[in-house]
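Derivation of every value follows stated rules applied to the coordinates shown; laboratory data play no part. Keep in mind the model is a prediction, meaning the values are calculated, not measured. Because the Cβ atoms are built from the backbone with ideal geometry, glycine has one as well, and the counts that use them run over all protein chains shown.
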Amino acid sequence: MISRIAYVLRETAASFRRNLTLTAAAVITAAVSLLIFGLTLIIQHGFDNLLAQWEGGVEMIVHVNAGAGDAQRAVIEEALVQQEGITIESWRYCDVTCSLVDADRLLAGDPTTRQLLTAENITTQYKVVPMDATQVDILRGLRDRYLGLPNVNTVQLAEEQLDLISELQGFVSTYTTGLWIALMAAASLLIWNTIRTAMFARRREIEVMKLVGATDWFIRLPFMLEGLLHGLIGGVLASGALWFINDRWTAGVQGFPDNSGMTALVVVDGYQWQVALIILVFGSIVGTVGSGTAASRFLDV
Amino acid sequence: MIRLENVTKSYSEEVTALRDTSFEVAKGEFVFLVGPSGSGKSTLLRLLNRQERPEEGAVWVAGRNIVDMPANRVPMLRRNIGNVFQDYKLLLNKTVFENVAFALEVIGRPKHVITQQVPAVLELVGLAGKEDRFPHQLSGGEQQRVSVARAFVNRPLILIADEPTGNLDPATGEGIMRLLDRINATGTTVVMATHDQRIVDSMRKRVIQLDRGTIVRDQARGVYQ
């Protein structure tokens with residue numbers, strides 16, 4: 001077993017050296033496509049942060065003054081209950097803890113402002129799901145009515161923020177997804193071609209191996225390992241580049257004005273490490289599949 | 001050890017390499033396959049290690065019909081069959097030792113077995129002391145000896161040789177034949193395709209003559225013609 005492993009590693013290293021330019025091309029293509037894949041995930045996550053408070057069909061948020069107790073909020077809840085089954089399908093109260101979690105995501109790119117928010121001064125929220133989200137006039141009427149209630153700080157409607165962001169998210173998502181799929185296919189084909197070239201260069205060895213009784217898997221393994229390494233190295237490079245870009249972006253967003261709406265469009269909660277792991281696994285799979293199909297297809301050289 | 005039963009092998013509708021061919025080779029026999037180019041000798045050898053499959057008939061090797069043998073069992077079959085070729089098929093970037101060791105390495109033999117068996121077989125074929133040379137530093141005869149060593153290092157039951165003396169001068173060819181004869185004396189069955197009349201006549205082994213895919217002569221202690 002040890003001799004087999006040693007053989008596979010030695011042959012993989014030799015193949016890397018022999019095909020240096022093709023290997024470099026395959027790794028760089030894999031790295032670029034994985035970087036765009038990672039950026040797509042990061043951007044999506046940024047948009048998710050931005051839209052976090054609107055999850056679950058919420059179309060209106062009633063912000064309640066900090067410090068308002070149960071008795072003060074009872075007036076607001078009574079107004080909400082009155083509309084249940086008429087214009088409001090459901091509503092829920094987002095308390096201090098819940099509101100701080102929302103703030104963590106919304107102000108991810110603006111830690112200075114986030115630090116100013118505490119359990120004592122943050123507004124709590126009523127998140128309202130309407131019966132019919134398309135009836136904008138009804139929602140506007142509710143907003144005007146709730147604004148007049150005591151202890152209501154402000155009332156936000158999704159139409160003011162959500163539609164534009166959703167459209168932007170869809171646009172970015174569609175084009176970056178298309179781009180990384182195309183580039184990933186190119187990387188896979190390049191790995192496929194690199195392995196094909198490597199196998200052609202070693203056709204005599206392969207012929208001898210088959211004649212002396214080496215199994216097909218044993219012959220394929222160094223080539224598959226080579227493809228896996230193409231994808232894995234590409235993944236490491238892409239993860240590094242992604243970390244650098246995200247770090248620069250996050251630093252840049254801190255300088256944006258508070259009302260720019262960009263403070264939530266950053267990823268600082270460790271998600272980038274998950275993305276790095278996804279990129280490494282995905283790169284390895286693409287590399288192995290590309291090389292594995294080539295190694296099977298061209299075994300009879 | 002080897003039995004062909006009514007084997008027919010075609011490469012196209014026009015080209016039939018073997019027609020309804022049957023014969024048997026006992027364990028430890030030495031058999032020459034003779035006949036003009038295109039008579040089916042190489043095809044017959046390729047059938048024995050499952051490089052080819054016949055359209056009809058059965059090919060029995062070491063008690064198993066290999067025609068319908070699953071693909072994943074073929075490597076095991078080939079570990080019992082050594083192959084020697086006219087063009088040696090040596091790996092030019094490997095030394096003599098590495099070329100022979102390669103045959104053991106790729107079937108997973110441990111290192112201590114390799115370091116024990118390779119020098120022994122190189123001694124047998126007369127290449128002791130040349131382990132570190134590369135193929136281009138050897139004569140044609142020496143290269144063929146490396147090829148024989150690689151074929152025999154795993155102690156196969158059968159050794160297949162396709163024109164092993166075809167690229168060698170007569171004296172060197174005789175040396176290779178003495179080597180194959182010694183290997184045969186250890187109990188390994190040898191099947192050799194050749195055009196070399198002098199060698200066949202001098203060895204006086206069993207001769208199977210093919211012509212256009214058909215056996216036209218099967219003679220014990222035979223001669224070329």
Item checked: For residue B:217, distant residues with modelled amide H under 5 Å away -> B:209
Margin query: So if I place +1 on the C-beta of Lys and Arg and -1 on the C-beta of Asp and Glu, and nothing else carries charge, what would the dipole magnitude of the protein assembly as shown be about its Cα centre? I want it in debye, nearest 20.
Written below: 3940 debye
Next item on the list: In debye, nearest 20, what is the charge dipole magnitude of chain A about its Cα centre with +1 on Lys and Arg Cβ and -1 on Asp and Glu Cβ, if you could check?
Entry: 2300 debye
Checklist line | Förster-model FRET efficiency, 41 Å R0, residue B:13 and residue B:155, C-beta, rounded to 0.05 | finding: 0.45
Next item on the list: Could you rank the peptides B:115-124, A:142-151 by their average count of other C-beta atoms within 10 Å per residue, with the highest value first?
Entry: B:115-124, A:142-151
Notebook entry, point to check: If you rank B:202, A:3 by fewest surrounding Cβ atoms within 10 Å, what's the result?
Noted result: B:202, A:3
Note to self: As an exercise, identify the GluC sites (Glu not before Pro) in segment A:81-149 lying in DSSP coil whose Cβ has no more than 11 other Cβ atoms within 10 Å.
What the structure shows: A:120
Item checked: Angle between chain B longest axis and helix B:170-185 axis [Cα atoms, degrees, rounded to 10] -> 80 degrees
Notebook entry, point to check: How large is the charge dipole for segment B:89-155, taken about the Cα centre, if only the Cβ atoms of Lys, Arg (+1) and Asp, Glu (-1) carry charge, to the nearest 20 debye?
Noted result: 160 debye
Next item on the list: Give the long-range amide H neighbours of residue B:31: residues separated by 5 or more places, or on another chain, with amide H under 5 Å away, using H modelled in the peptide plane at 1.01 Å from N.
Entry: B:190, B:191, B:192
Notebook entry, point to check: Projected onto the charge dipole of segment A:93-195 (+1 at Lys/Arg Cβ, -1 at Asp/Glu Cβ, origin at the Cα centre), which of A:177, A:195, A:106 gives the Cα projection farthest towards the positive end?
Noted result: A:195
Next item on the list: Relative to the longest principal axis of the C-alpha atoms of chain A, give the angle of the C-alpha long axis of helix A:216-253, reported between 0 and 90° and rounded to the nearest 10°.
Entry: 30 degrees
Next item on the list: Pop out the ³J(HN,Hα) list for segment B:195-201 in order, Karplus 6.51 cos²θ - 1.76 cosθ + 1.60 with θ = phi - 60°, rounded to Hz; leave Gly and Pro as x.
Entry: 10, 7, 4, 4, 5, 4, 5
Note to self: I'd like the mean, over residues of A:203-210, of how many other protein chain beta carbons sit within 10 Å of each residue's own Cβ.
What the structure shows: 5
Check: Applying the Karplus parametrisation 6.51 cos²θ - 1.76 cosθ + 1.60 with θ = phi - 60° to the phi angles of segment A:274-284, what ³J(HN,Hα) value in whole Hz is obtained for each residue in order, glycine and proline being reported as x?
Finding: 4, 5, 4, 5, 4, 4, 5, 5, 5, x, 5
Margin query: Quick one: 3J(HN,Hα) in Hz for segment B:143-149, Karplus 6.51/-1.76/1.60 with θ = phi - 60°, rounded, Gly and Pro as x.
Written below: 4, 5, 5, 5, 4, 5, 4
Item checked: Alpha carbon convex hull of segment B:89-155, volume per residue in cubic angstrom -> 76 Å³
Next item on the list: May I ask you to list the lysines whose Cα is less than 23 Å away from that of residue B:89, ignoring any residue fewer than eight positions away on the same chain?
Entry: A:210, B:41, B:130
Item checked: For the protein assembly as shown, with +1 on Lys and Arg beta carbons and -1 on Asp and Glu, the positive-most of B:84, B:116, B:36 along the dipole -> B:36
Notebook entry, point to check: Does segment B:32-150 come out rounded, prolate or oblate by the C-alpha gyration tensor, with a ≥ b ≥ c the root eigenvalues, rounded set by a/c under 1.5 and, if not, prolate when a/b is larger than b/c and oblate if not?
Noted result: oblate
Notebook entry, point to check: Helix B:96-105 versus the longest principal axis of chain B: what angle, 0 to 90°, nearest 10, using Cα atoms?
Noted result: 60 degrees
Notebook entry, point to check: In which sequence would B:177, A:1 go, from the one with the fewest C-beta neighbours within 10 Å to the one with the most?
Noted result: A:1, B:177
Notebook entry, point to check: Can you put B:21, A:40, A:250 in order, fewest other beta carbons within 10 Å first?
Noted result: A:250, A:40, B:21
Next item on the list: Using a 10 Å cut-off on Cβ to Cβ distances, tally the other chain neighbours for every residue of B:99-109 and report the average as a whole number.
Entry: 5
Item checked: Inter-chain shielding of B:70-78 (mean C-beta neighbours from other protein chains, 10 Å cut-off) -> 3
